[in-house]
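**Q** Have a look at this one before I ask anything.
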Amino acid sequence: MRTYSPKASEIQRDWYVVDAEGLTLGRMATEVARVLRGKHKPTFTPHMDTGDHVIIINAEKVVLTSGKASSKMVYRHSGYPGGIKSDTYAELLDTKPADAVRRTIKGMLPKNRLGNQMLRKLKVYAGPMHPHEAQNPQPLNLDAAKARA
């Protein structure tokens, strides 16, 4: 029996929208990363991007559990000696909530060109509006992630 590998022309990409209001950041991020990779499809192939597009709205209303917002740190480095900067997740969620969600999901994707390609299919917005109505996005069911919180 031969292993099935989908051709680029056979990959069908759907659009999903996720309302992050009241969802736990990590649990939502794992489900979104799974959809971006395409692991929810029977045609999943590890070396190809078979995933779908995901739009996340209300990123500013995402929740972190057990005091992680004030204790978990976010680091970035300028490339110069002594150029490390750090913030807490609470500060990052206050100033750039879309970047906080995008950064969390990026950490769950492959660290190569394939992961960068998957990350380009992620659209994150702090508020409830998004400019992708023409793609007719379907709501992604994350009730399992919400029930565990």
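Read-outs throughout are calculated quantities, based only on the coordinates presented, and are distinct from any laboratory measurement. This one's a predicted model, so the numbers in the text were calculated from it and none came from an experiment. Every residue, glycine as well, gets a Cβ built from its backbone with ideal geometry; the counts of neighbours run over all protein chains shown.
**Q** So, in the stretch 55-91, of the ones that are part of a loop (DSSP other than H, G, I, E, B) and under 20 Å from the mean Cα position of the chain (by Cα), which residue ends up surrounded by the most Cβ atoms within 10 Å (Cβ to Cβ)?
**A** 62
**Q** Can you tell me which condition residue 94 does not meet? The list is (1) assigned to a helix (DSSP H, G or I); (2) under 30 Å from residue 50 (Cα atoms), and all the others hold.
**A** (2)
**Q** For the stretch 22-53, enumerate the residues that are part of a helix (DSSP H, G or I), in contact with a helix residue (DSSP H, G or I) (Cβ under 7 Å, 6 or more places away or on another chain) and not small (Gly, Ala, Ser).
**A** 25, 27, 28, 31, 32, 36, 37
**Q** Next question, about the same structure. Taking the condition touching a helix residue (DSSP H, G or I) at 6+ places or on another chain (Cβ under 6 Å), polar (S, T, N, Q) and farther than 14 Å from residue 20 by Cβ, does residue 70 pass?
**A** Taking the combined requirement at face value, the residue satisfies it.
**Q** Pull out all pairs, ordered by first then second residue, where Cβ-Cβ is under 7 Å, the residues are six or more apart or on different chains, the first lies in the stretch 119-143 and is surrounded by 11 or more Cβ atoms within 10 Å (Cβ to Cβ), and the second is of a type in the set (Ser, Thr, Tyr).
**A** Every condition considered, the pairs that remain are 137/16; 138/16; 140/16.
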